[in-house]
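Enquirer: Following this message is one structure expressed as structure tokens.
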Amino acid sequence: VVKPVVEEAVGTVKSRERTTISARVMSTITKIHVRAGDEVKVGDVLVELDKAALERQRSQSLAALQAAEAALKQAEDDVNRAERLRQQQPGAISEQQFNEFRTRRDQAQANYEKAKQALAEIEVNISYCTIKSPRNGRIVDRLAEEGDTASPGVPLLTLYDPGSLRLEVPVIENLAARLEIGNKVKVFIDALQREIEGVVDEKVPQADAATRTVLVKVSLPATPGLVEGMFGRLNIEAGRREHLCLNVAAIKRIGQLDFVEVVKEDGTKEQRLVQIGRFGRPGHVEVLSGLKAGERVAIPRRFETDGTSGTASPQSSAGEVSR
């Protein structure tokens, strides 16, 4: 029977969506609410930073804003009074004096806007002291502890989405050519002793010159116990070949070698060394070498093999289908 030849390529389970959490302001870490392995949702508070210094700056900026607002109001009142006086008593205020009033008002307006912007920036920095989760996921790394100083851009936590796991595996060039995006494939996870059906999600359009492999990424469904970093095997159909199967009763084992008695056309028998492979259907095993399809072998009339017993004819074809 003709059956597919399956080749294995080994790889690692990784997440398509991995996020590194870091601070945007420099401050002392006062509280970390999560540890590695914790599940989080969007908006959950992960880390709190000390914001006492920023709150003092906010108080100072608020006072500066209030002063700038008062100065602006005074400058606007001066311009309004000068305008009314010019209308009531033309020539009472020169054009130069009036322009000076307007210049002071414009400067006060600019100072007010600057103070308002400074307060808004401090408010934003205070909000950065509470670090929240940007997505649903699982914490995999906790890279800081309470009391440490958080610096902008330095990682504090790492999380990934368990629903975006995929097997990333380097596949030899000729096998990678058989895979297309969207193909359904079989992946075996050793740690779970489980086979999972995945889908080819991405194939990097470049081969590694050193290993002659192409990186293939296979998306995996949500699976209990499956976590990032696990070892996995991608099964790829590499072609098809003919399988010959034989009744196990015909095999005689001598030491570590397997023999059968081949029945020739003239009825004589020839003892022949064979190499066997995997078991097929009950009572049959694959023959890898030593026999050809159509040849006949001698089988005892009564035999027992792996729970299969009964009476068979003295001769049987070596090319019986096993599965």
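The values are calculated or read from the model by the stated rules, or taken from the named source; none is laboratory data. Because the structure is predicted, anything quoted here is derived from the model rather than measured. Positions of Cβ are generated from backbone atoms using ideal geometry, with glycine treated the same way; all protein chains shown enter the neighbour counts. Areas reflect the complete protein model, heavy atoms only, side chains present, ligands, DNA and RNA absent. Shrake-Rupley method; radii C 1.70, N 1.55, O 1.52, S 1.80 Å.
Enquirer: Pull up all non-local amide H partners of Asn136: gap of 5 or more, or a different chain, and H-to-H distance under 5 Å with H placed in the peptide plane.
Expert: When sequence neighbours closer than 5 places are left aside, the close amide H contacts are Val42.
Enquirer: Could I ask something else about it? Over the range 72-220, what percent of the accessible surface lies on carbon and sulfur atoms, probe 1.4 Å? Please list the in-between numbers first.
Expert: Working: 3970 of 8630 Å².
Of all accessible area on the range 72-220, carbon and sulfur atoms account for 46 percent.
Enquirer: In a solvent-free Debye calculation with one equal scatterer on each Cα, what is log10 I(q)/I(0) for the range 139-193 at q = 0.24, 0.28 Å⁻¹, listed in the order of the q values?
Expert: One equal scatterer on each Cα of the range 139-193 leads to -1.09, -1.24.
Enquirer: Still on this structure, please answer the following. Report the Stokes-Einstein translational diffusion coefficient (µm² s⁻¹, integer) for the range 96-162, Rh taken as the Kirkwood radius over Cα pairs, at 37 °C with viscosity 0.692 mPa s.
Expert: Details: Rh = 16.3 Å.
D, rounded to a whole number, is 202 µm²/s.
Enquirer: Moving to a separate point now. Just name one of His33, Val248, Ile299: the one whose Cα is farthest towards the positive end of the charge dipole of the chain (beta-carbon charges, Lys/Arg +1, Asp/Glu -1).
Expert: Comparing the listed Cα positions along the dipole, Ile299 ranks first.
Enquirer: Using alpha-carbon pairs under 8 Å, 6+ residues apart, how would you state the relative contact order of the chain in percent?
Expert: 22 percent.
Enquirer: Also, quick follow-up: For the range 169-222, what log10 I(q)/I(0) values come out of the Debye formula at q = 0.23, 0.26 1/Å, with one point per alpha carbon and no solvent?
Expert: Normalising to I(0) and taking log10 leaves -0.87, -1.00.
Enquirer: With 30 Å as the limit, write out which pairs from Lys14/Lys184; Lys51/Lys116; Lys14/Lys41; Lys132/Lys186 have Cα-Cα distances beyond it, or answer none. Each step should come with its number before you reach the end.
Expert: Working: Lys14/Lys184 18 Å; Lys51/Lys116 20 Å; Lys14/Lys41 20 Å; Lys132/Lys186 38 Å.
Where the Cα-Cα span goes over 30 Å, the pairs concerned are Lys132/Lys186.
Enquirer: Right, something else. Using each residue's phi in the range 21-30, evaluate 6.51 cos²θ - 1.76 cosθ + 1.60 at θ = phi - 60° and report the 3J(HN,Hα) Karplus result to the nearest Hz, with x for Gly and Pro.
Expert: Along the range 21-30, the couplings run 9, 9, 7, 9, 10, 8, 6, 7, 6, 9 Hz.
Enquirer: Using a 1.4 Å probe, what is the accessible area per residue for the range 98-177, in Å²?
Expert: Details: 4070 Å² over 80 residues.
So the range 98-177 comes to 51 Å² accessible per residue, rounded to a whole number.
Enquirer: Further question on the same structure: May I ask you to give the solvent-accessible area per residue for the range 1-46, in square angstrom, as obtained with a 1.4 angstrom probe? Numbers along the way, then the final one.
Expert: On the way: 2710 Å² over 46 residues.
That works out to 59 Å² for each residue.
Enquirer: Under unit Cβ charges (Lys, Arg +1; Asp, Glu -1), what dipole magnitude, rounded to 20 debye, does the chain have relative to its Cα centre?
Expert: Details: 47 positive and 47 negative charges, 145 e Å.
Dipole magnitude for the chain comes out near 700 debye.
Enquirer: Sticking with this structure for a sec: Nearest 20 debye, what's the magnitude of the dipole of the range 149-305 about its Cα centre given +1 on Lys and Arg Cβ and -1 on Asp and Glu Cβ? Can you show the working numbers first?
Expert: Values: 22 positive and 21 negative charges, 140 e Å.
Computed charge dipole of the range 149-305: roughly 680 debye.
Enquirer: Next question, about the same structure. Give me the three principal axis extents of the chain from the C-alpha atoms, as integers in angstrom, largest value leading.
Expert: Result for the chain: principal-axis Cα extents of 141, 40, 34 Å.
Enquirer: Along Cα→Cβ, 7 Å out, is where each label goes; now give me the distance between the ones at Gln256 and Glu100 in nm to one decimal.
Expert: For Gln256 paired with Glu100, the spin-label model returns 11.0 nm.
Enquirer: Could you work out how far apart the two model spin labels at Asp38 and Glu83 are, taking each label as a point 7 Å from the Cα in the direction of the beta carbon, and quote it in nm?
Expert: Distance between label points: 5.8 nm.
Enquirer: I need the peptides 82-90, 56-64, 166-174 ranked by packing, meaning the mean over residues of other C-beta atoms within 10 angstrom, with the highest value on top. Provide the component values of the computation, followed by the final result.
Expert: Working: 82-90: 11.7, 56-64: 14.7, 166-174: 19.3.
In decreasing order of mean packing, 82-90, 56-64, 166-174 become 166-174, 56-64, 82-90.
Enquirer: Here's something else I'd like to know. Give me the Debye-computed log₁₀ of I(q)/I(0) at q = 0.10, 0.19 Å⁻¹ for the range 65-195, equal point scatterers on Cα only, no solvent, two decimals.
Expert: -0.68, -1.11
Enquirer: Now for a separate question. Can you divide the C-alpha Rg of the range 1-146 by 2.2 N^0.38 Å and report the result to two decimal places?
Expert: Compactness ratio reported: 2.03.
Enquirer: Which length gain, in nm to one decimal place, applies between Gln275 and Gln60 when the Cα-Cα distance is subtracted from 0.36 nm times their residue separation? If you can, show how the numbers build up before the last one.
Expert: Values: separation 215, 0.36 × 215 = 77.40 nm, distance 8.78 nm.
My answer for the length gained is 68.6 nm.
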